[in-house]
């Protein structure tokens, strides 16, 4: 029973976390980037330790080279001096240095090879991880674009349905506008027909006559001869007054 409860709790949390990951894939991608950085850092630490071992072997090989030369010279000098026992001990030291040197060379070659393999493995793994992360990033961006396009299409589809459903409202509004327009046009026509333009026309004629009189007086004072009217006569102020009749002041 306890095992089943644990499995149920794990499944619940798994579903909960899975839902969060689906809602925010960028956060999961950032976590994976951070994990990759940590793994690279830990790998580089191990690689640095291995490189230190290689350097130590190189340093030991150089020292053994010097020891071999030194013991070889010493053995030769002792032999020439007739010191057989000392020469034998120096020769033994030379042999030991030579044997260790051969072993160090083998270890150094293996360590160098291993170091290069580790560096290559790291570079290949890191490149593969980065390529995968980049593909995921592009996939997330494409997912966002596709979701946005889908939402726009859904909105457009809904708008088409709403616009089609609002046709009755638009038709009713058009009828209201047309009815009000025709009513306003009818009122304007009635007002126009009811307007008496007789007085306005009389006033307009009087204004024209006064203007002609003023022009005739001005021409007479200035000694300017006005051209005649249609019957060959130039209207004068007297003629105009007789035509208009008495003007009350």
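The values are calculated or read from the model by the stated rules, or taken from the named source; none is laboratory data. Remember, predicted model here, so these are calculated numbers, not experimental data. With ideal geometry, Cβ positions are generated from the backbone for all residues, glycine too; neighbour counts draw on all protein chains shown.
Assess whether residue 56 counts as being loosely packed, with under 12 Cβ neighbours inside 10 Å and either part of a helix (DSSP H, G or I) or at pLDDT below 80 (or both).
no
From the list 77, 91, 87, exactly one residue is modelled with pLDDT of 90 or more, surrounded by 15 or more Cβ atoms within 10 Å (Cβ to Cβ) and not in a loop (DSSP other than H, G, I, E, B). Which is it?
Testing whether each residue is modelled with pLDDT of 90 or more, surrounded by 15 or more Cβ atoms within 10 Å (Cβ to Cβ) and not in a loop (DSSP other than H, G, I, E, B) leaves just 91.
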